[in-house]
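Okay, structure first, notes after.
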Amino acid sequence: MKRLGILLSGRGSNFLAIAKAIREQRLLGARIAVVLSNREDAAGLDAARDLKIPAFCIPSAGHKRREHDAEVMARLHQHRVDLICLAGYMRVITEEFVRAFPNRILNIHPSLLPSFPGLDAQRQALEYGAKVAGCTVHFVDEAVDHGVIILQKAVPIKEDDTVETLSARLLQQEHAIYPEAIARVLSGDYVIEDRRYVRRDK
Ligand code: GRF
């Protein structure tokens, strides 16, 4: 059984989509070992507790990044996690953290990377006048929203879209591709060639 550690800061809908995929046996051989938030008021923490999943706040406010990450890493080790999923985790993690879990940290970002990294990706796409948006699941490396891409899904941008309507359309696809990407990574049926994630048939 592979043990997932989820890091979030807010709503937690991607976490819930992963939990649902496990419940519906679309993510075989995986369980969520722990949910961690850097904010106590994250709705995702309450949702995890409702599901009886171990869930803890490790507050980041007022703490140095390295010290906070060291606490987070210790907690992840304590729960013996195999794979870490950032799911709306609004913190940049340190190089030490990335190196401690090589190719074992995933992130979901609401744009077709490398377009529109960083905050407010949906707003960035709208303001730029892009006609297509999308979401990306990628490995986390030392640079923000930069690591090897595992899966992407495009969605159209409509002329009357607002940040809210576009975000909602994207979120539906995020909930589909994140569990799928986790399943692919856990299967181990891939190689990474330079920046390319390449599936291998067994
Ligand atoms: C999602 O749009 C995700 O792509 C981004 O942060 C948002 C988190 O939403 N990284 P939720 O907390 O999973 O509902």
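Looking only at residues that are assigned to a strand (DSSP E or B) and within 9 Å of ILE84 (Cα to Cα) in the range 99-114, which one is nearest to the chain's Cα centre (by Cα)?
Residue satisfying both the conditions and the ranking: ASN107.
Only one of (1) in the same structural domain as GLU164 (by TED's automatic domain parsing); (2) within 20 Å of GLU174 (Cβ to Cβ) fails for MET90. Which number is that?
All conditions are met except number (1).
Of the residues in the range 38-90, how many are in a loop (DSSP other than H, G, I, E, B) and either within 16 Å of the ligand (Cβ to nearest atom) or over 17 Å from the mean Cα position of the chain (by Cα) (or both)?
Here the count works out to 22.
Which one of the conditions (1) of a type outside the set (D, E, K, R); (2) closer than 19 Å to TYR178 by Cα; (3) not in a loop (DSSP other than H, G, I, E, B) does VAL144 fail to meet, given that it meets all the rest?
So VAL144 meets the others, but not (3).
If we scan the range 92-101, do we find a residue that is within 11 Å of the ligand (Cβ to nearest atom) and of a type outside the set (Asp, Glu)?
Taking every residue of the range 92-101 in turn, none turns out to be within 11 Å of the ligand (Cβ to nearest atom) and of a type outside the set (Asp, Glu).
State all residues of the range 1-37 that are of a type outside the set (Gly, Ala, Ser), part of a loop (DSSP other than H, G, I, E, B) and within 13 Å of the ligand (Cβ to nearest atom); if no residue qualifies, say none. Outline the logic, then answer.
First pass over the range 1-37, keeping only residues of a type outside the set (Gly, Ala, Ser): 1-4, 6-8, 11, 14-16, 18, 20, 22-28, 31-32, 34-36.
Of the ones still in play, those that are also part of a loop (DSSP other than H, G, I, E, B) are 1, 11, 24-28.
Across the range 1-37, the qualifying residue is only ARG11.
The values are calculated or read from the model by the stated rules, or taken from the named source; none is laboratory data. None of these values were measured; they are calculated from a predicted model. FYI the Cβ positions are ideal-geometry reconstructions off the backbone, even for glycines, and counts take in every protein chain you see.
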